[in-house]
Amino acid sequence: MFVSISRGILAKLYDLIQINGGDMKVLIKIELERALRSKGLLISLIVGFAIAITQFVVVVFPVSKHILAFFDGSANTYPRSVFNWWIGVDGLHPYLRIYLTIFPLLAAIPYASSYFEDRKYGYIKSMCTRVKRRQYLISKYVAVFVAGGVAVTLPMLLNLLLTASVLPSLVPVGSGNFLGSVCMFSDIFYVNPYWYIFIYMLMYFMYGGVFATLALVCSQIFDYSFFVLMFPFVIYYGLGIITPYISIDSIRSFNPRQLLSMQAGGCILIGTFFGEALLIGIISYALYMWKGVHSDIL
Amino acid sequence: MHCICGKESTVIFSKKINIVCVIFLMFFLTVCGFMIVQINISYPKAGVISNDKDNSIMWNGCKVKAVSKTIYNPEDFMTAYPDIPFYKYLLSGNFDNTYTRIVLFKVNVTNTTNSAINFSLTNHTVAEAFPSAWNNGVPPIVDNKKLQPGENSEFEVAALIQDSLVSVPHLKTIENDEFHLVFSYYPDKVYLKFD
């Protein structure tokens, strides 16, 4: 059933792309180019890279000079490894916390307010006289999603690359202050840690993308770009605040900060981890498209 | 004479910046790649030393042989070992012991050197199980002995398995896991495998 639904969605997407001799492809290309060349993305990346590089310089680099510190050869000790020092699992220092705190802002700054600006400055009018409005809206959604995802994923990957350059990629073991065995995907982590990181990076991209697209929904409601940029942040924190008050065993925590923390422990369920991103994505897409198609722009 | 000015010069400048960025990126990635290879050559993946056909391994001059592994629930463990203090708290009534287990490892150690050796499992080993990825320290039952040259003795340690250490689905089938008593993780993973 899932396969047939997926096929249906892909077929519809393909039809949409083919309409008007590939207008959609061109539109997506234009929007992606605008997004990836935007100053917002540059600012977001500079902030993200600053956090990632600072963590590397302050924490990882000094540690890399003493890889065998405290290692006595017994099973209770282990050489320092990428997998317990890179920013993704560094719970001892504030860098990951800062990164996860500003996560929705990093995702929204690159391009999320562009729809608001297109409406405000009339770009949308000139676009919609040339292409179908639905096509413009979809291409905007894709560009915002990709820019948000790129902005939050690249700094993490840079930190991983830098850390892997100075610390060995020794496979994690149970006694090395690594991941608790109750944590989600711990079985993958202990066998192939880079696959574990890949799954998380994919989810960082997804969460960055869906939280950025929340700003698109907000663009149709508020008249201030500040509100538009802050909206994903408010939802992100709102979910974190209400999580402790809603106790559902089959969901557990749906605090995005906790979901994105690689050391969240046993309070995360795989279904919630993937489901929340999907749900937010579907809601933001549905609201954005519904409002976008039905609102008056001319 | 053709004059390059205004928009045209901006385009040329922008192209130059792009080329510089690409060259820098290539250089950066090459350096990182080189450093990653170097560091992983210096600290290669750990080798594996496990039980031989005699069911034993050599560790610090001692021949260590796996004898048995038994999994108890807390009540049965306290019945079998009433004098062991450190797991008594589990029976105080304040804990849900539905998924709590205690795994007892028995090993036989022979000193193969010409001098006496203080041998301890608790201070040097960690217990682990796969595929659940459970691991824990091993408090002593019979441990910390001085072995004379050629002397042979049995050692016992018991590790706790709880739902704070392993997920419940794994706990339900933990009896089917492969248990290890690990003496070292690096540069070789030295462990006794208990069937």
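Residues in region A:68-83 that are surrounded by 21 or more Cβ atoms within 10 Å (Cβ to Cβ) and not hydrophobic (A, V, I, L, M, F, W, C): 3 in all. Just so you know, in region B:140-195 the residues that are within 8 Å of another protein chain (Cβ to nearest Cβ) and polar (S, T, N, Q) include one that is nearest to B:Ile57 (Cα to Cα), and it is B:Ser184. Here A:Tyr190 passes the criteria (1) assigned to a helix (DSSP H, G or I); (2) away from every other protein chain (no Cβ under 14 Å) except the one numbered (2).
Looking at this structure, is B:Ala127 among the aliphatic types (A, V, I, L, M) and at positive phi?
Numbers: among the aliphatic types (A, V, I, L, M): yes; at positive phi: no.
Taking the combined requirement at face value, the residue does not satisfy it.
Scanning region B:74-87 for residues that are surrounded by 15 or more Cβ atoms within 10 Å (Cβ to Cβ) and in contact (Cβ under 8 Å) with a residue 24 or more places away in the chain yields B:Pro74, B:Phe77, B:Tyr81, B:Ile84, B:Tyr87. Annotation for region A:215-224: no member residue is within 14 Å of chain B (Cβ to nearest Cβ), buried (at least 17 other Cβ atoms within 10 Å of the Cβ), of a type outside the set (Asp, Glu) and not in a helix (DSSP H, G or I). Per the listing B:Lys69, B:Lys45, the residue uniquely of a type in the set (Lys, Arg) and more than 14 Å from chain A (Cβ to nearest Cβ) is B:Lys69.
Just give me the residues in region A:116-136 being of a type in the set (Gly, Ala, Ser) and not in a loop (DSSP other than H, G, I, E, B), in sequence order.
Residue satisfying the conditions is A:Ser126 alone.
Quick check on my filter: what residues within region B:17-40 are at the interface with another protein chain (Cβ under 9 Å from one of its Cβ atoms) and among the β-branched types (Val, Ile, Thr)? Hits for region B:17-40 are B:Val31, B:Ile36, B:Ile39.
I'd like to know if region B:144-154 contains one or more residues that are in the same structural domain as B:Gly61 (by TED's automatic domain parsing) and within 18 Å of the chain's Cα centre (by Cα). No: region B:144-154 contains no residue that is in the same structural domain as B:Gly61 (by TED's automatic domain parsing) and within 18 Å of the chain's Cα centre (by Cα).
Can you give me the number of residues within region A:84-132 that are modelled with pLDDT of 90 or more and either farther than 20 Å from A:Tyr237 by Cα or not aromatic (Phe, Trp, Tyr) (or both)?
As a first pass, look at region A:84-132 and keep what is modelled with pLDDT of 90 or more: A:85-88, A:93-110.
Going one step further and asking which of them are either farther than 20 Å from A:Tyr237 by Cα or not aromatic (Phe, Trp, Tyr) (or both), we end up with A:85-88, A:93-94, A:96-98, A:100-102, A:104-110.
Final tally of qualifying residues: 19.
Right, A:Val173: within 14 Å of chain B (Cβ to nearest Cβ), surrounded by 19 or more Cβ atoms within 10 Å (Cβ to Cβ) and among the β-branched types (Val, Ile, Thr) or not? Before you say what the answer is, go through the steps one by one.
On the way: within 14 Å of chain B (Cβ to nearest Cβ): yes; surrounded by 19 or more Cβ atoms within 10 Å (Cβ to Cβ): yes; among the β-branched types (Val, Ile, Thr): yes.
Against the criterion (within 14 Å of chain B (Cβ to nearest Cβ), surrounded by 19 or more Cβ atoms within 10 Å (Cβ to Cβ) and among the β-branched types (Val, Ile, Thr)), A:Val173 qualifies.
Residue check: A:Arg37 meets all listed conditions (1) over 20 Å from A:Leu216 (Cα atoms); (2) among the basic types (Lys, Arg); (3) within 14 Å of chain B (Cβ to nearest Cβ) but one, namely (1).
Screening A:Thr163 against (1) within 14 Å of chain B (Cβ to nearest Cβ); (2) without any contact (Cβ under 8 Å) to a residue 60 or more places away in the chain leaves a single unmet condition, (2).
Given the options A:Leu96, A:Leu105, A:Leu161, A:Leu100, name the one that is within 23 Å of A:Arg37 (Cα to Cα), in a helix (DSSP H, G or I) and under 24 Å from the mean Cα position of the chain (by Cα).
On the way: A:Leu96 fails: within 23 Å of A:Arg37 (Cα to Cα); A:Leu161 fails: within 23 Å of A:Arg37 (Cα to Cα); A:Leu100 fails: within 23 Å of A:Arg37 (Cα to Cα).
Result: A:Leu105 is the single residue among A:Leu96, A:Leu105, A:Leu161, A:Leu100 that is within 23 Å of A:Arg37 (Cα to Cα), in a helix (DSSP H, G or I) and under 24 Å from the mean Cα position of the chain (by Cα).
Every test in (1) exposed (fewer than 11 other Cβ atoms within 10 Å of the Cβ); (2) at pLDDT 85 or above; (3) more than 32 Å from the chain's Cα centre (by Cα) is passed by B:Phe28 save one, and that test is (1). Among the conditions (1) exposed (fewer than 13 other Cβ atoms within 10 Å of the Cβ); (2) within 12 Å of another protein chain (Cβ to nearest Cβ); (3) at pLDDT 90 or above, B:Ala127 misses just one, which is (1).
So for region A:97-112 (the condition being over 21 Å from A:Thr153 (Cβ atoms) and not basic (Lys, Arg)), does at least one residue qualify? No, region A:97-112 has no match at all. Which of the residues spanning region A:252-282 are loosely packed, with under 15 Cβ neighbours inside 10 Å and either touching a strand residue (DSSP E or B) at 6+ places or on another chain (Cβ under 8 Å) or over 13 Å from A:Met184 (Cα atoms) (or both)? Within region A:252-282, A:Gly275, A:Leu278, A:Leu279, A:Ile282 meet the criteria.
The values are calculated or read from the model by the stated rules, or taken from the named source; none is laboratory data. If you're wondering where the values come from, they're calculated on a predicted model, not measured in any experiment. Virtual Cβ from ideal backbone geometry, glycine too; neighbours counted across all protein chains shown.
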